[in-house]
Protein chains: 2
Amino acid sequence: MNFSDSTLDQVNTALNEAQITFLSYKNLSGKQKGKFLRAIADEIEALGQELVQVAMGETNLPEARIVGERGRTTGHCRMFADLVEEGSWVDARIDTALPNRTPAPKPDSRKMSVPIGPIVVFGAANFPLAYSTAGGDTISALAAGCPVIVKAHPAHAQTSELVAGAIKRAIKKTGMPKGVFQHLHASGFEVGQALVKHPFTKGVGFTGSLVGGKALHDIAQQRPEPIPVFAEMSSINPVILLPNTLATQVEKTAEMLAASVTLGVGQFCTNPGLIIAIEDQALKLFIDSLSKRIATSSAGTMLHQGISDNYAKKLIHALAQKGITVEGKSSATAENNQGIPTVASVTAFEFLKNPSLSEEVFGPFSLIVKCKDLTELHSVVNHLQGQLTSSIFGSEAEIASYASLLNMLIEKAGRLIVNGVPTGVEVCPSMQHGGPFPSTTDSRFTSVGTDAIKRFVRPVTFQSFPASLLPEELKDGNPLGIWRLYNNEWKK
Amino acid sequence: MNFSDSTLDQVNTALNEAQITFLSYKNLSGKQKGKFLRAIADEIEALGQELVQVAMGETNLPEARIVGERGRTTGHCRMFADLVEEGSWVDARIDTALPNRTPAPKPDSRKMSVPIGPIVVFGAANFPLAYSTAGGDTISALAAGCPVIVKAHPAHAQTSELVAGAIKRAIKKTGMPKGVFQHLHASGFEVGQALVKHPFTKGVGFTGSLVGGKALHDIAQQRPEPIPVFAEMSSINPVILLPNTLATQVEKTAEMLAASVTLGVGQFCTNPGLIIAIEDQALKLFIDSLSKRIATSSAGTMLHQGISDNYAKKLIHALAQKGITVEGKSSATAENNQGIPTVASVTAFEFLKNPSLSEEVFGPFSLIVKCKDLTELHSVVNHLQGQLTSSIFGSEAEIASYASLLNMLIEKAGRLIVNGVPTGVEVCPSMQHGGPFPSTTDSRFTSVGTDAIKRFVRPVTFQSFPASLLPEELKDGNPLGIWRLYNNEWKK
C-alpha cells in the first residue's frame, strides 16, 4: 500500500493542533494518562494477527520477533501507565516558608517536572513496533504530557498506519483530545525537516543512522530556539575478552558472541561490532571457533533493500581496509536483501591508525582487534568513541586486575556488561540506553526504561502559591501520596 | 593588577591535566569531595577583608552586597558538601536478576549518575563571587566529580585570582589532585573559544549576555562531538498585575516593584523588566506611584564601563521605539558608570508589533505594557519568549479566575511567583533557575540549588557486575545508606 507524502501545510496544521492540545493535555492527571496508555496497549493487541502479518510483510522479520516486539510495545505502554498513575516520577521538591528568617524571609517554594510541549518522533527502520509509531519515544512523551506527531518510517508505512489507527481508537475510547497523537507519512526529507523546524516543536525522538540523527540535531540547534534531539545513532558495542578467562572458556564465549552477532541479522543498535583481546593462543582458538560458527550460520533477510545494500557497501569498505583478514563468513548464498554474517580481524596497530574501522557496519558483522599487549589494549579502549554498551568478559579476579581499563571503559558507554553480550535491552528503571556521542546525541538521557520520560519534561518552581493554585503533586498533605523531597527529607 | 592572557598552549595543557585528573577524581567518595568543598569555603572566608575590598574595587558593588555574596558562595560550597556526603543524589536504581524468567532470564542491572568529564566555567560579570570562580557552576561540577577550568571574568580578574588561590589551598589541604581546578585569564574571545572546542571539554557553564551564551552554544554544537552548554542569558521576568487586586494595593505593589527594579542597579538576571496589566484607573495610579519612586531613586554605579555603556545604549534604543512613553526617570545626575533608573510604558498593540521591546535592557529599567482588555493580556503573555521567572500579582480568587492565563504563563518560565518580585533566588532543592530559551540554553536544568549538580552527570548501567566491582552506591546491603529505587521501591 502506498501513502502519499504529507504536505508542508499538513505539517503546519498538525503542529498547530498539537500546540492547542498541549495546553489541555498537559494538565491531565496521571490516572487519566494511564487509562489512555493502557487503552493503546489494548487496541494494539486487538489488531491481532493482521498487525503481525503486515509487519512481517514489510520488514522481513520472522513472526516470533514481531510477536515479541508487540509484547515489548504493549509492555512499555503499561509500564508508563504504572509510572504516571503512581506519580512520583515528577520529582517533587518542597521547601516551606521561613517567614521569620533574617536578614530576609524564605518564601514557600515547590518544584516539579512539567511536559515541554509537542514532540516529533521518527519511526525507526529496525523496530517497526517497539521504536516506531507506539514506540518508546511516543509512549514516554505521551506519559510525560506531551502531544506527539509521528513521521512513519516509509519502509513499514502500513504497519505504522495500523498502529496509528489503534492509538486513535484509544483516544476516542478514553476521551482524549484528538490532537494528542498525529501521524504523517513522508518518503523524503522535507517533511521531517519541517517538523523539526516548526516553532511549536519542543523535542525530537529519532533512532537511525549517524548521518540522519546528526542532521536532525544540527537543524534543531540552528533553530532560533534550539530544541533537544534525542537521536540514537551509531554504536559498535565493544566486547573485551580478558586473556586468562578466555583461555578457560573459548567455546562458550565464541558461542555467545556468534549468537549475538547474527541475532536478527545483526540489525540491532546493540550488535557487538568490535571484539578486543590480547593476541595469544586462546584468542587464536576463539577466532577459529567463532569463525566456524559464523561460516555455518545462515544468511538472513534484512529489513529492506536500503539496509541490505548499505550493509553490503559498508562491509566491502571495511574488508578493503589495510590489514584486514576475513576470518569467517557464512557459506550461505546471499539472495535478495540478505546479509551474510562475517567476522574479520585486524591488529590494534592498524585499528588505531584507521578511524574508518571504528564506524558501524549495520548488520551481522564484527571486527576482532588483536592487541599485542596490555598497553595496546589500553590504547584501543582509550581510542574508542562513545558507545551504547561495552562488555567485558573475565572472572571477577581478572577484571579486578584490569581496574584502570574498566575505569576508562566507563567513560565510553552508557551500559557496561560483565560476561554478557550487549543484545537484549531490558525495559526497567535501571536501564540506561544512551551513551556518549556518537552513540546518541545526549548521554544524559535514556530512550529505554522508565527514565525515558525525563527527556520530555523540565522542572518548574511554584513560589508562594496559594494551596488552591498548586498542582496536586505539590499540595500540602500530599493528596497523591507520592514520594517528595519535603524540607530536605524524602517522604511519602 | 593586570594578568596576561593565557596562550592556546596553556589551554591545551590545562585540558590534558584536567582529563588525567578526571580519571582519578571521579572515583573519590562523597565524603572526600565534601571535605574538599568545605575547605574551599573555609579558605574563602580566610581571605577576610582583602577579598571584600578587592571585589568592591573591581565591581563597584557595596560592601554589604559583597559580604552577602561571599556568604552565598561559602553557603553553596557547604550545601553541595552536604549533598555529596549524604549521597542519594546519584539516583541509584537497582533491578535484581530473575534467573528463572522465561523466555529469557533477567540480568542484574544497576544504574547511577557518574560525572561527565572536565567542565569549563566562564566567570560572570554580575556575580564576582557567587557565579564566578567558586560560583555555583564550579562548585556543582566539582561536587559531581568533574574537574573545572575557570576562565576569569576580566572585569574582576584580581578577585578571581584571590578565590582561585583559596581553592588551590583547599586542594593542598585536602590532598586533592591539583588538576581538579585550574584558572585562566583572558581578555578576548580566543581562549574561551579554544576551551569550548577542546575535545576533553565535556560541558560548559556560562552566565552573561544572549549574544555571548548563544555563540558558545553554537560552537559547542558544531564540535565533532557536541557538548552541553549551560548558558544563562537573557530574561525580562514579566510581572502581571491583575486589575481587581491592583486596585486594592497600588502603593504596596509600586513600592515592591520600584525596589526590585533598582536593586543592585538592576544588574540581576531576575530584574523585573516587563510589567503587564490591563489599562484602568488603578494602573494609572500604579504608574504614577512607581514613576515617583523611580524619580526619587538614586543612580547607582554599575559593575564596569562596558555594562553601563551597554545599559545607556539599550535604554536609548528602547525609549526610541514607537509608542514609548517615559513614565519615570531618576532625577539623579549620572556620573561615571552610573545607571539611571527608568520606567516607561507602551500599549500592548505596539508591544506586540515590535520584537525589540521584548529584548533585555540589563540595568534598572522596566517597561509597562498596557493591555486594553483580557484578550490583549492573553496575546501579550502568548507572545512572551522564554523567561527565568514570571510573577503574577493577584488575590487567590482573582488568579483562579485567570486560569488559562496562568496555564500559558507556566510555558514561558522556569519559576512562577505569586505576589512576589523575581529578585532573590533561594539556594535550595526546590529552586529552578533556568527557563525556556532564550533565558537559558536548556530549560531542563537549573544553575542554582542542589539540582545544579545534575548538569554535570550522566547515568551508567552496570549489568551483571560482581559485587566487588560495583561502586559503593550500588552494592547490596546499601553500605552508604542512600535512597535507592530497589526493585521498583524507594528504600534506604
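The values are calculated or read from the model by the stated rules, or taken from the named source; none is laboratory data. Here the structure is a predicted model, which is why all the values come from computation and not from measurement. Glycine also receives a Cβ, built like all others from the backbone with ideal geometry; neighbour counts cover every protein chain displayed. Keep in mind that these areas ignore ligands, DNA and RNA; they rest on the heavy atoms of the full protein, side chains included. Shrake-Rupley method; radii C 1.70, N 1.55, O 1.52, S 1.80 Å.
Of note:
- Against the test of being closer than 30 Å to A:V369 by Cα, free of Cβ contacts under 8 Å to residues at least 40 places away in the same chain and open to solvent by 20 Å² or more (accessible area, probe 1.4 Å), the options A:A259, A:A215, A:A247 yield a single qualifying residue, A:A247.
- Condition check for B:N337: closer than 29 Å to B:G212 by Cβ and surrounded by fewer than 17 Cβ atoms within 10 Å (Cβ to Cβ): no
- Odd one out for B:N354 among (1) closer than 30 Å to B:A312 by Cβ; (2) surrounded by fewer than 21 Cβ atoms within 10 Å (Cβ to Cβ); (3) touching a helix residue (DSSP H, G or I) at 6+ places or on another chain (Cβ under 8 Å); (4) of a type outside the set (F, W, Y): (3)
- Test set (1) open to solvent by 10 Å² or more (accessible area, probe 1.4 Å); (2) touching a helix residue (DSSP H, G or I) at 6+ places or on another chain (Cβ under 7 Å); (3) at negative phi - A:G264 fails condition number: (3)
- Taking (1) touching a Lys or Arg at 6+ places or on another chain (Cβ under 7 Å); (2) open to solvent by 10 Å² or more (accessible area, probe 1.4 Å); (3) facing chain A (nearest Cβ under 8 Å) in turn, B:I410 satisfies each apart from (1).
- Screening B:G434 on (1) open to solvent by 50 Å² or more (accessible area, probe 1.4 Å); (2) at positive phi shows it passes everything except condition (1).
- Among the residues examined, B:T446 qualifies as among the polar types (S, T, N, Q), at the interface with chain A (Cβ under 9 Å from one of its Cβ atoms) and crowded, with 24+ Cβ neighbours inside 10 Å.
- Of the residues B:I399, B:I392, the single one that is of a type in the set (A, V, I, L, M), out of contact with any Asp or Glu (no Cβ under 9 Å at 6 or more places or on another chain), outside any loop (DSSP other than H, G, I, E, B) and facing another protein chain (nearest Cβ under 9 Å) is B:I399.
- A Cβ distance below 8 Å, combined with a sequence gap of six or more or placement on separate chains, defines the contacts here; from region B:10-28, residues that are more than 14 Å from every other protein chain (Cβ to nearest Cβ) reach residues that are β-branched (V, I, T) in the pairs B:V11/B:V191; B:A14/B:I149; B:L15/B:I149; B:L15/B:T201.
- Condition met for A:S404 (open to solvent by less than 40 Å² (accessible area, probe 1.4 Å), within 28 Å of B:L23 (Cα to Cα) and of a type outside the set (F, W, Y)): no
- Considered as a group, the residues in region B:289-315 that are over 22 Å from B:E359 (Cα atoms) and polar (S, T, N, Q) include one that is most open to solvent (accessible area, probe 1.4 Å), and that residue is B:T296.
- Of note, A:G203 satisfies the criterion of being of a type outside the set (A, V, I, L, M, F, W, C), within 14 Å of another protein chain (Cβ to nearest Cβ), over 30 Å from A:A403 (Cα atoms) and open to solvent by less than 10 Å² (accessible area, probe 1.4 Å).
- Being touching a Gly at 6+ places or on another chain (Cβ under 7 Å) and away from every other protein chain (no Cβ under 14 Å) holds for only one residue in B:L285, B:L241, B:L290, and it is B:L290.
- Given (1) open to solvent by 20 Å² or more (accessible area, probe 1.4 Å); (2) within 25 Å of B:G264 (Cα to Cα); (3) facing chain A (nearest Cβ under 10 Å), index of the condition B:P422 fails: (1)
- Of the numbered criteria (1) under 18 Å from A:S443 (Cα atoms); (2) open to solvent by less than 20 Å² (accessible area, probe 1.4 Å), the one A:S209 fails is (2).
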